[in-house]
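Data first, discussion second: the structure below is written as structure tokens.
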Amino acid sequence: MSDRGGEEFVLLAIPDMNGSLRGKALRPAAFEAAVQHGTVMTDLIIGLDPVDTPITDYERFGIRTGAADLLLTPDEDTVRELAWRPGWRICLATPTWPDGSPCDFASREVFRTVVGDVSSLGYDVMAAIEYEVRIWDGEGRPLSTGISYSVVEAGRYHAFVSALAPALDALGIELTAIHTEAGPGLLELNLAAREGLRAADDAALVKLAAKGVAETLGLRASFLAKTVPGEEGSSGHLHLSLWNDETNSFAPGEGPDLPTPAAQAVAGMVEHLEGASLLLNPTVNSYKRLVPGWFAPVNASWGIENRSAALRVISSSAQPERCRIECRRPGADANPYLALAALAVAAGEGLRRGAEPPPPVVGDAYAREDLPALPGSLESALAAFRADGELRARLGERFSDYFAVSREWELKAWREAVSDWERERYERAV
């Protein structure tokens, strides 16, 4: 990779706990040196909250241990052009501690380990994420009025999509379709499935590209789960299948029943959805999207082609390569590495135990009061995560401890905040 033409910088980055990419912009010679020897960055890049404040409640790394070095080694096969920023490229990296040991707090490494775990069961993870992104113009007006699947309103995104598509091509990401959603300014982006770590890499880079391209056009893009009360939120549905010897193990057989691997994966996911909610819905705002009637599931449920259930099994004998499980619980705000890790762990646990799923939901899952409720707040999700020992162990106990502390940190920040809603609702009445 010595011939880099007229490039000015290579962004060397890893995802932080929120899934945002953080790192340094290296000149070509410095990047080549990093390929050979690695380059150091502070471990604070995985120890900061969303507003860049160090998470001081955790004592094993970060500011409490002096913001020590991480060694970042470029994954050269991830080098891609940033088409909206001429002369710049991006490269994802593998972080290790200075002694060479893996950085088990880094979210990309957590998912890498989980992919390896599932591989030990004889399966390769294939996954894709579909994102709903909100787009506003320079004056804060949404680009569309909120009519879903509108051919007319899709045209309002012409300039954005015309710039985004080649930007994603340059990143090696296949954008398969777009359509408007039932919220003002809401656009869904469908991505092609990729194997293992590549699926999460694509998702993280899509967020980077959408925000960067929008900015060059004088627009603003957001992946916040819930932006406006009374409007549909932004989802980040996960699609997952498990493959063996280049064959989709979720493809239907001759009978009406689900194939055994698919049924076991569904069973594991249903069982662990409660604990996994902390990773699928990791912010205070996440839970404002999860209300009945907005296609955001609120109970541990599954069904065949049922969009009201938390898990939608998509099974087509005509296209066996497209058979998969769609988890509709995550919002667009989820860290894709951690959301996919949680789902893959749950599927793997179902396979290990030969678990059997409950009966599928037929009809409206929201109306089923007999189904286990999923957490409706960050506090309840944190409690469920702490109670799920299998999930925590497979994600790594050290990582799980840190992630729990980082969510407690978010709750503390929220409790200390005073909102306009509180002032408007209570100031005159008390």
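The values are calculated or read from the model by the stated rules, or taken from the named source; none is laboratory data. Predicted model only: the values in this text are computed from it and were never measured. Glycine also receives a Cβ, built like all others from the backbone with ideal geometry; neighbour counts cover every protein chain displayed. Each accessible area value is taken on the protein alone, full model and side chains, heavy atoms only, with ligands, DNA and RNA left out. Shrake-Rupley method; radii C 1.70, N 1.55, O 1.52, S 1.80 Å.
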For the chain, which whole percent of the accessible surface, found with a 1.4 angstrom probe, sits on carbon and sulfur atoms?
-> 51
Stretch gain in nm, segment residue 192-residue 383, where the contour uses 0.36 nm per residue and the Cα spacing is subtracted | 65.3 nm
Apply the Karplus parameterisation 6.51 cos²θ - 1.76 cosθ + 1.60, with θ equal to phi minus 60°, to every residue of segment 292-309 and state each ³J(HN,Hα) to the nearest whole Hz, in sequence, with x for glycine and proline.
-> x, x, 10, 6, 10, x, 10, 9, 7, 9, 8, x, 7, 6, 10, 7, 8, 8
Only loop residues by DSSP count here, and only those with at most 11 other Cβ atoms within 10 Å; note down the GluC sites (Glu not before Pro) in segment 93-180 that meet that.
-> 139
Selection of trypsin sites (Lys or Arg not before Pro), segment 17-114, meeting DSSP coil and at most 14 other Cβ within 10 Å | 60
Linear extension gain, residue 145 paired with residue 244, 0.36 nm per residue minus alpha-carbon span = 31.2 nm
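Using the heavy atoms of the protein chains and a 1.4 angstrom probe, tell me the accessible area per residue for the chain in square angstrom. List each step's numbers first, then the result.
Working: 18420 Å² over 430 residues.
About 43 Å² of surface per residue is accessible.
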Karplus ³J(HN,Hα) for segment 78-90 (6.51 cos²θ - 1.76 cosθ + 1.60, θ = phi - 60°; Hz, whole; x = Gly/Pro) runs 9, 5, 9, 7, 9, 4, 7, 10, x, x, 10, 10, 10
Sparse-neighbour loop sites [trypsin sites (Lys or Arg not before Pro); segment 257-342; at most 13 other C-beta within 10 Å; DSSP] = 307
XL table 207/288; 24/211; 226/412; 24/226; 24/207; Cα-Cα > 24 Å flagged, in table order, is 24/226
